[in-house]
Amino acid sequence: MSRLLALALASTLGPALSFAALSFAAPLHAQGAAAAALPKPEYLTVEQLRAKYRDPASRFMTIKGVEVHYKDEGPRGAPVLLMVHGSVSTLRTWDATTARLKTRYRIIRFDIPGYGLSGRISDEVAANVQPLDITEGLVDALGVKKLTFVGVSSGGTMGMYLAAHRPELVERLILSNTPSDPVKYDHLVMPQSFIDATARTKANNGFQDMDFWNNYLSYFAGDPKRISAKTRAEYYDFNRRVPEKYPIALVARIGDGKQATIEMAKVKAPTLLLWGNADPLLPEAAANAITRYLGSATISRVLMNDVGHYPPLEVGDRIAQLIAAYVEAGTPKL
């Protein structure tokens, strides 16, 4: 893949996978073709998204000056699972897994501020609030003393930082396709339809239309047929939310990897890697890397060769079964 297209993909994934936000770029002839018939950008406000997508389980809490949308489901006395979404996603990433587990676990999920139904990020919040402040503020306010952290993509990065900072809180980690190094894109081979959709996005001032999200979700899936029309429409809607001034302010970031390496070395919580091995971005080599960095933790691994970058989106029921098996029978006794 060309360097220009790598930069384009980095711009799309950057806010959620915690890489520097880069401008979309594509060959000039592709941009010219894309500009021929551009859809009119139709952004949605937070209020419009809430009117469409909030449900009886939706709750809101103001933490450090930002309104956080969260769900807290399941028996109060049950073991707690804190589930955090990743790339360009929302707490709906965990819908299928939650439905399977919420009768036996207390499951807490939230939209990272700036995404989903959570509030917008002010200048003051961007300057003074760290991503971990939101996670800690939520679980502390809910009275949680022990939890299992379950994260996908950059959501897993948040979990590693929380486990390093609050070892008394995090009993175990369950991570799916989480980066541990600054991510590179030069190995990716994108289909022409995705290249065209990316060029069209650039020509349309960054607006990602429905065709873009169909290409994106299919490309990062092990089996595109598993990604429902409903999920695809939700990704389109939530990612045409009125653009944030600080899109990655409250996303846990790998950055240049230096501080992340220090934090990962502190993690001692038993860790399960549930890895989509058909992920074109973070295949098995990334699972091997995170295993090395978490050198003080006991690591268990399940590599799923038929699954891509977002395992809970593709195989939510399977993920639920694996989570329960690890929590109830597979966690090492240290």
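The values are calculated or read from the model by the stated rules, or taken from the named source; none is laboratory data. Keep in mind that what you see is a predicted model, and the values were worked out from it rather than measured. Every residue, glycine among them, receives a Cβ derived from its backbone with ideal geometry; neighbour counts consider all protein chains shown.
A few points about this structure:
- Checked against (1) over 14 Å from Thr157 (Cα atoms); (2) of a type in the set (D, E, K, R); (3) exposed (fewer than 15 other Cβ atoms within 10 Å of the Cβ), Arg232 passes all but condition (3).
- The condition of being surrounded by 19 or more Cβ atoms within 10 Å (Cβ to Cβ), more than 12 Å from Val84 (Cβ to Cβ) and of a type outside the set (Val, Ile, Thr) holds for Arg106.
- The requirement of being out of contact with any Pro (no Cβ under 7 Å at 6 or more places or on another chain) and crowded, with 20+ Cβ neighbours inside 10 Å is fulfilled somewhere in region 185-193, by at least one residue.
- Answer residue from region 138-157, given it is over 19 Å from the mean Cα position of the chain (by Cα) and part of a helix (DSSP H, G or I) and is nearest to Asp256 (Cα to Cα) among those: Asp140
- Qualifying residue in region 299-310 (condition: within 18 Å of Lys266 (Cα to Cα), in a loop (DSSP other than H, G, I, E, B), at pLDDT 95 or above and over 19 Å from the mean Cα position of the chain (by Cα)): no
- Against the conditions (1) polar (S, T, N, Q); (2) under 16 Å from the mean Cα position of the chain (by Cα); (3) over 24 Å from Ala78 (Cα atoms), Gln130 satisfies every one except (2).
- Of the candidates Gly155, Gly137, Gly119, the single residue that is over 24 Å from Val267 (Cα atoms) and either in contact with a helix residue (DSSP H, G or I) (Cβ under 8 Å, 6 or more places away or on another chain) or modelled with pLDDT of 95 or more (or both) is Gly119.
- If you go through region 166-200 and pick out every residue that is in a helix (DSSP H, G or I) and without any contact (Cβ under 8 Å) to a residue 40 or more places away in the chain, you end up with 4.
- Selection count where residues are surrounded by 21 or more Cβ atoms within 10 Å (Cβ to Cβ) and not hydrophobic (A, V, I, L, M, F, W, C), scope region 132-155: 6
- Applying the condition of being of a type in the set (A, V, I, L, M, F, W, C) and at pLDDT 95 or above to region 215-248 and asking which residue is farthest from Glu284 (Cα to Cα) yields Val242.
- Just one of (1) over 23 Å from Asp111 (Cβ atoms); (2) in contact with a strand residue (DSSP E or B) (Cβ under 9 Å, 6 or more places away or on another chain); (3) buried (at least 20 other Cβ atoms within 10 Å of the Cβ) fails for Ile299. It is (3).
- Members of region 42-57 that are surrounded by 15 or more Cβ atoms within 10 Å (Cβ to Cβ) and more than 26 Å from Asn128 (Cβ to Cβ): Leu44, Tyr53
- Taken over region 59-83, the residue count meeting the criterion of being in contact with a His (Cβ under 7 Å, 6 or more places away or on another chain) and among the acidic types (Asp, Glu) is 0.
- Yes/no for Leu188 being more than 14 Å from Ile290 (Cα to Cα) and in contact with an Asp or Glu (Cβ under 9 Å, 6 or more places away or on another chain): no
- Qualifying residues in region 109-120 (those that are within 12 Å of the chain's Cα centre (by Cα) and more than 17 Å from Glu136 (Cα to Cα)) - the one surrounded by the fewest Cβ atoms within 10 Å (Cβ to Cβ): Tyr115
- Residue check, Phe212 modelled with pLDDT of 95 or more, surrounded by 20 or more Cβ atoms within 10 Å (Cβ to Cβ) and more than 20 Å from the chain's Cα centre (by Cα): no
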